[in-house]
Each structure stands twice: as C-alpha cells, then as structure tokens.
Amino acid sequence: MKINIKATGIALTPAIFGYANKKISSLEKYLAGEAVAQVEVGKSTKHHKSGNVFRAEVHLVGGGLDLYAVSEKADLYAAIDVVKDEITHALTQNKTKKETLYRRGAATIKNMMKGLNIFKKRN
C-alpha cells in the first residue's frame with residue numbers, strides 16, 4: 001500500500017509523519033490488492049470553533065474500493081486514531097457485505113438445483 005501524507009496549516013514533523021504512517025499502514029491487512037491512501041492532517045481554521053481543532057482525513061482508493069473518512073478533534077493524534085477506526089470499520093463492513101452477497105447467491109443456486117430434481121434416481 002502506498003501512503004501519501006500531507007500537512008495543512010501545521011508543519012509535518014517526523015513524529016506526526018511516523019504516527020500517521022504507522023496507523024494507516026496497519027490497514028494493509030484488510031486490503032487484497034494494491035491501494036493508495038491519501039492522508040491529510042492539519043489544523044482547522046474555521047472561525048466558529050475556538051481553540052486548537054485538528055483535522056485528519058483519509059481517502060483510500062484501490063482494489064475496487066473508494067473509501068473516505070474525516071475526523072476533527074482537539075488533539076491531532078486522537079483525530080488520526082478516530083479516522084483510522086472509521087476506515088477500519090468501513091473496510092470490514094465492505095468485506096462482510098461481499099461475503100453475505102456471495103452466500104446469498106450460492107443459496108439461491110442451491111435451491112434452484114433442488115427444484116430441478118436432476119439428482120433423483122428414476123425407477
């Protein structure tokens with residue numbers, strides 16, 4: 001998996017880069033093919049929010065997926081944790097949905113085969 005990390009409104013320190021890279025690279029176990037993760041971390045500058053508000057965004061593309069998650073928290077590391085959890089949830093939900101559809105299709109075919117009675121012995 002290729003990870004691109006971008007900082008907006010803050011300096012991308014090695015500590016932030018390493019933390020974000022470590023968290024996002026742990027998503028690789030859920031992906032079957034090659035994927036690209038666009039990660040953006042930064043300080044939100046909305047005038048109606050006071051104090052430090054940090055934002056983390058992840059856009060994951062590849063292997064038939066196009067997932068996006070965003071989080072705003074008072075701590076940058078907490079925002080990265082929350083966005084990683086949201087993407088993990090979306091990945092696992094997608095996997096179980098595919099498995100459910102596969103099983104449903106297989107059950108439909110099995111019931112069709114039962115209706116044909118081609119396996120009955122004839123006397």
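The values are calculated or read from the model by the stated rules, or taken from the named source; none is laboratory data. Bear in mind that the values here come from a model prediction, so they are computed numbers and not experimental data. Here Cβ is always computed from backbone atoms with ideal geometry, including for glycine, and neighbour counts include all displayed protein chains.
Could you run through segment 39-60 and say how many residues are in contact (Cβ under 8 Å) with a residue 24 or more places away in the chain, more than 12 Å from ILE87 (Cβ to Cβ) and not acidic (Asp, Glu)?
Going through segment 39-60, the residues in contact (Cβ under 8 Å) with a residue 24 or more places away in the chain turn out to be 39-45, 54-58, 60.
In the following step, the residues that additionally are more than 12 Å from ILE87 (Cβ to Cβ) were identified as 40-45, 54-55.
Filter once more, so that each one left must be not acidic (Asp, Glu): 41-45, 54-55.
Looking only at that region, the number is 7.
Taking interchain pairs and intrachain pairs at least six residues apart, which have beta carbon atoms under 9 angstrom, with the first residue in segment 25-38 and closer than 14 Å to ASN94 by Cβ and the second surrounded by fewer than 12 Cβ atoms within 10 Å (Cβ to Cβ) and among the hydroxyl-bearing types (Ser, Thr, Tyr)?
Final answer for the pair search is TYR30/THR92.
Return yes when GLY51 is modelled with pLDDT under 90, under 23 Å from THR96 (Cβ atoms) and either more than 20 Å from the chain's Cα centre (by Cα) or not aliphatic (A, V, I, L, M) (or both) and no when it is not.
Numbers: modelled with pLDDT under 90: yes; under 23 Å from THR96 (Cβ atoms): no; either more than 20 Å from the chain's Cα centre (by Cα) or not aliphatic (A, V, I, L, M) (or both): yes.
No, not satisfied.
Cβ contacts < 9 Å: first residue within 29 Å of SER71 (Cα to Cα), restricted to segment 88-111; second residue part of a helix (DSSP H, G or I) and not acidic (Asp, Glu), any location; separation 6+ or different chain. Result?
That search, which allows pairs on different chains as well, returns THR88/SER26; THR88/LEU27; THR88/TYR30; LEU91/LEU27; LEU91/TYR30; THR92/TYR30; ASN94/TYR30; LYS95/TYR30.
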